[in-house]
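Peer 1: Supplied in structure tokens, the structure appears directly below.
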Amino acid sequence: QVQLVESGGGLVQAGGSLRLSCAASGRTFSSRAMAWFRQTPGKEREFVAAISGSGGRIYYADSVKGRFTISRDNAKNTVYLQMNSLKPEDTAAYYCAANLGPAAIVGDVYDYWGQGTQVTVSS
């Protein structure tokens, strides 16, 4: 069983930055692909970024490319999402997810999910 706990969300003005963290329990962290997704009420869950277990493969949604950076520290069992140049349309609940398979942009392949952290960007 893997538990994921997100933190770092909050309220920020447009153009600002936030760094989300996702701490994972368990001994298999370095073998798990990790990803961030986001969701707003009434909308489908949206892929944001994914990173392979070694960190060698990284994927981003076009909407965040060049503004967001996903990274991981396997010694700390933590994955990060650095979000810069935030826009009001980035407002959402952000969820991290873990997968024993390869990094993927499809949420259905991820086995474990955190509870989410809210990011609100004011204009």
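The values are calculated or read from the model by the stated rules, or taken from the named source; none is laboratory data. Just so it is clear, the model here is predicted, and its values are computed rather than measured. Heads up, the Cβs are rebuilt from the backbone with ideal geometry, glycines too, and the neighbour counts pull from every protein chain shown. Note: accessible area is taken over every heavy atom of the protein model, side chains too, but ligands, DNA and RNA are not part of it. Shrake-Rupley method; radii C 1.70, N 1.55, O 1.52, S 1.80 Å.
Peer 1: Kindly indicate whether any position in segment 3-13 is open to solvent by less than 30 Å² (accessible area, probe 1.4 Å), charged (D, E, K, R) and under 20 Å from Asn84 (Cβ atoms).
Peer 2: yes
Peer 1: Please count how many residues of segment 41-52 are open to solvent by less than 40 Å² (accessible area, probe 1.4 Å) and under 28 Å from Val121 (Cα atoms).
Peer 2: Of the residues in that region, 5 qualify.
Peer 1: OK, next. Mind checking which pairs have a first residue in segment 54-78 that is free of Cβ contacts under 8 Å to residues at least 12 places away in the same chain and over 15 Å from Ala104 (Cα atoms) and a second that is among the aromatic types (Phe, Trp, Tyr) and open to solvent by 60 Å² or more (accessible area, probe 1.4 Å), Cβ under 7 Å, 6 or more apart or different chains?
Peer 2: none
Peer 1: Is there any pair with a first residue in segment 107-123 that is within 13 Å of Gln3 (Cα to Cα) and touching a residue at least 24 places away in the same chain (Cβ under 8 Å) and a second that is open to solvent by 40 Å² or more (accessible area, probe 1.4 Å) and of a type outside the set (Val, Ile, Thr) whose Cβ atoms are under 6 Å apart and which are 6 or more apart or on different chains, and what are they?
Peer 2: Here the result reads Trp113/Tyr95; Gly114/Tyr95; Gly116/Tyr95, each pair linking segment 107-123 to a residue that is open to solvent by 40 Å² or more (accessible area, probe 1.4 Å) and of a type outside the set (Val, Ile, Thr).
Peer 1: Looking at this structure, is Arg67 under 24 Å from Gly26 (Cα atoms) and basic (Lys, Arg)?
Peer 2: It is false that Arg67 is under 24 Å from Gly26 (Cα atoms) and basic (Lys, Arg).
Peer 1: Follow-up. Quick one: which residue in Gly55, Gly26 is in a loop (DSSP other than H, G, I, E, B), touching a strand residue (DSSP E or B) at 6+ places or on another chain (Cβ under 7 Å) and either open to solvent by 50 Å² or more (accessible area, probe 1.4 Å) or at pLDDT below 95 (or both)?
Peer 2: Gly55
Peer 1: Residues that are outside any strand (DSSP E or B), in contact with a helix residue (DSSP H, G or I) (Cβ under 6 Å, 6 or more places away or on another chain) and surrounded by fewer than 18 Cβ atoms within 10 Å (Cβ to Cβ): does segment 68-75 have at least one?
Peer 2: Looking through segment 68-75, at least one residue is outside any strand (DSSP E or B), in contact with a helix residue (DSSP H, G or I) (Cβ under 6 Å, 6 or more places away or on another chain) and surrounded by fewer than 18 Cβ atoms within 10 Å (Cβ to Cβ).
Peer 1: Return the residue satisfying two criteria in turn: it lies in segment 82-114 and is outside any strand (DSSP E or B), modelled with pLDDT of 95 or more and touching a Ser or Thr at 6+ places or on another chain (Cβ under 9 Å), and of such residues it is most open to solvent (accessible area, probe 1.4 Å).
Peer 2: Glu89
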